[in-house]
Structures are given as C-alpha cells and as structure tokens.
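Just so it is clear, none of the values below were taken in a lab; they were calculated from the coordinates. Because the structure is a prediction, the values reported are computed rather than measured. Don't worry about glycine lacking a Cβ; one is built from the backbone with ideal geometry, like all the others, and counts go over all protein chains shown.
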Amino acid sequence: MAIETVGRRAIFSCAVCTYVLVKRTSYLMHQFLRHDTYVCSNPLCSAAYTGHSELTAIASPSGIPDALGCDLPETERARRARDQAVEDARNQGAQMAMALPPAGSEPDDATL
Ligand SMILES: [Zn+2]
C-alpha cells in the first residue's frame with residue numbers, strides 16, 4: 001500500500017489500483033486506540049482496508065497546572081522537557097531567595 005502526502009498529511013493509497021483511500025468509519029476501541037476503515041476512491045475498485053490509530057506516548061507534557069496523570073509513557077524528549085522545567089523552577093527559586101533580604105533584617109528606605 002503506497003502513501004501519498006498532501007502538504008504534511010499522509011494519505012494512504014489503494015494497494016491494487018493506487019487511488020487515494022478515504023476513511024469511511026472510525027470508532028474508539030480504547031482510550032488510546034481507534035479502529036479505522038478506509039475505502040478506495042476508485043468506484044470500479046472499491047477495495048476496503050482496516051487498521052488502527054494508536055497513541056503510544058506523551059510527546060509534550062500538559063501545560064495545565066495540577067493536570068491529571070496519564071497512563072502513557074513519556075517520550076525521551078518529553079521527559080527531558082519536564083526535567084528542564086523542574087530545573088528552571090529550582091534555579092528561579094534560588095535566584096529569588098538570593099534577592100530577598102535576610103530574615104529579621106530591617107527593610108531599607110529604597111524598598112519601601
Ligand atoms: Zn483501489
């Protein structure tokens with residue numbers, strides 16, 4: 001079965017006549033798994049194919065604070081991004097602590 005592309009979108013082609021396949025049905029089998037049926041766009045052929053679309057990993061972590069967890073594993077890139085965000089927050093906290101006056105000291109007139 002050949003694969004054509006239109007822009008960045010991949011389109012399957014019929015293995016028999018090479019016409020473009022059109023997705024006819026798709027239903028969710030599982031939270032991360034869809035079953036798809038494709039039909040050849042050539043009316044003389046009309047071959048049909050089935051397959052699956054599956055989410056297998058988190059490529060980018062959610063930006064929502066306190067987001068619910070997910071059962072999918074992170075990609076290596078997502079894990080590095082999360083580790084970097086934790087490190088950045090830790091460094092920012094250290095810089096904020098250095099900018100604050102020592103505890104119990106009187107604020108000077110410039111900070112009032
Ligand atoms: Zn066909």
- List every residue whose amide H lies under 5 Å from the amide H of ILE11, counting only residues 5 or more places away in sequence or on a different chain, with H placed 1.01 Å from N in the peptide plane. GLU4, THR5, VAL6
- Message: Averaged across orientations, what area in nm² does the convex hull of the alpha carbons in the stretch 1-55 project?
- Response: 3.9 nm²
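Between ALA48 and ARG82, take the C-beta separation as r, use R0 = 41 Å, and let me know the FRET efficiency to the nearest 0.05.
Working: r = 42 Å, r/R0 = 1.02.
With R0 = 41 Å, the Cβ-Cβ based efficiency is 0.45.
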- Note on the structure: The simple spin-label model distance between CYS17 and ALA97, using points 7 Å out along Cα→Cβ, in nm, is 7.1 nm
